[in-house]
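Each remark here refers to the structure printed beneath this line.
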Amino acid sequence: MASIADRLPLLVELRSENREIVRANAADPEKDRNGRCSSMLAIDLRFFAVADFILQHDITSFKTLLSEAARIRTDMFSRFENGEFISDSYLTMIGYKSLFNALAAGDMSGAEQLAAHLGGRDDLERKYDHPFDYTLGYTLRAFVLQDRDQMQEWTPKFVNQCYKSKMKDFLGYGAVFQALLTGDTSGVNAGLASIVQGHQKQSKGRGVFVSTEDELLCIWGLGMANLVRAFGIPSEAIPPLIPRELLTPVNRRC
């Protein structure tokens with residue numbers, strides 16, 4: 001089978017045929033009464049964000065679409081909290097994946113808004129979330145909200161879970177979290193390099209990123225690099241998976 005890079009133009013053409021339908025369904029209260037159509041739109045936007053950057057080098061479209069995808073997830077939590085029925089599976093810590101979308105887009109405000117909705121639904125989280133997703137979700141949430149107590153509590157839990165779940169290819173994320181706790185610039189950048197190495201492994205064989213747009217761009221790693229910059233640490237680009245032009249300015253916020 002041809003690589004996703006080779007197939008990307010055709011994939012864009014095929015998915016573009018239903019693009020407006022997907023958006024219209026998400027805007028229809030009856031069709032989207034459980035949040036499914038909104039979720040599909042968020043997935044669609046993420047794909048086109050990456051495709052626009054890879055094929056056209058359109059940075060503005062990348063950030064706009066990815067930020068919108070994250071905000072759709074935030075809206076789904078708000079709808080639930082306002083009494084609408086949203087399927088349980090959309091209300092768990094799996095929402096951390098949308099946090100990465102916001103961070104990769106450089107949308108710290110959007111990331112904070114989404115993070116504030118995540119967590120506190122233990123029954124649902126333990127029902128639907130893999131322990132790896134559960135611990136990564138709470139750890140990332142803590143760093144986005146800059147809750148130092150939670151940062152210190154969840155970081156070792158996530159690292160330990162990587163070993164327990166045989167998810168060692170994701171230990172780079174733990175290394176970055178650990179380095180952020182101490183302000184270790186060299187440790188942060190070593191961790192980002194480890195993230196990219198693990199990402200490349202997970203983009204082969206039966207890896208979690210195989211045949212997805214993530215093969216072309218490390219959205220999670222880019223999100224981490226931008227999070228690091230929000231802590232005032234000049235993270236390094238690792239092209240092509242973490243491109244320099246998608247990094248946000250270094251801006252200490254804590």
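Overview of results
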quantity: Charged-residue dipole, Cβ positions (Lys, Arg, Asp, Glu), the stretch 35-105 about Cα centre, Debye nearest 20; calculated: 120
quantity: Candidates per trypsin sites (Lys or Arg not before Pro) in the stretch 154-254, loop by DSSP, up to 11 other Cβ within 10 Å; calculated: 166, 204, 206, 252, 253
quantity: Percent accessible area from carbon and sulfur atoms, the chain, protein chains only, probe 1.4 Å; calculated: 50
quantity: Charged-residue dipole, Cβ positions (Lys, Arg, Asp, Glu), the stretch 4-246 about Cα centre, Debye nearest 20; calculated: 600
quantity: Inter-probe distance in nm under a simple model that places probes 7 Å from Cα toward Cβ, at residue 124 and residue 168; calculated: 3.6
quantity: FRET E, pair residue 5, residue 34, Förster distance 41 Å, beta-carbon r, rounded to 0.05; calculated: 0.70
quantity: Unit charges at the beta carbon, dipole of the chain: most positive-side option, 24, 128, 108; calculated: 128
quantity: The stretch 189-196 - phi-based ³J(HN,Hα) in whole Hz, Karplus 6.51/-1.76/1.60, Gly and Pro as x; calculated: 6, 5, x, 5, 4, 5, 4, 5
quantity: The stretch 1-55: trypsin sites (Lys or Arg not before Pro) in DSSP loop, at most 16 other beta carbons within 10 Å; calculated: 31, 33
quantity: Inter-label distance for residue 13 and residue 186, nm, one decimal - labels placed 7 Å from Cα along Cα-to-Cβ; calculated: 5.1
quantity: Helical contribution to [θ] at 222 nm, DSSP H n ≥ 4, -39,500 (n - 2.57), averaged over the chain, rounded to 500; calculated: -20500 deg cm²/dmol
quantity: Surrounding net charge for residue 51, when Lys and Arg each add one and Asp and Glu each subtract one, Cβ distance under 10 Å; calculated: -1
quantity: Accessible-area ranking of 59, 233, largest first, probe 1.4 Å; calculated: 59, 233
quantity: Global geometry of the stretch 4-246, whether rounded, prolate or oblate, following the gyration tensor of its Cα atoms and the 1.5 cut on a/c; calculated: oblate
quantity: The stretch 28-165 shape via C-alpha gyration tensor axes, a/c threshold 1.5; calculated: oblate
quantity: In the stretch 1-76, GluC sites (Glu not before Pro) in a DSSP loop with at most 14 other beta-carbon atoms within 10 Å; calculated: 17, 30
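The values are calculated or read from the model by the stated rules, or taken from the named source; none is laboratory data. Since the structure is predicted, the reported quantities are computational estimates derived from the model, not experimental observations. Because the Cβ atoms are built from the backbone with ideal geometry, glycine has one as well, and the counts that use them run over all protein chains shown. The protein model used for the area step is the full one, side chains on, heavy atoms only, and it has no ligands, DNA or RNA in it. Shrake-Rupley method; radii C 1.70, N 1.55, O 1.52, S 1.80 Å.
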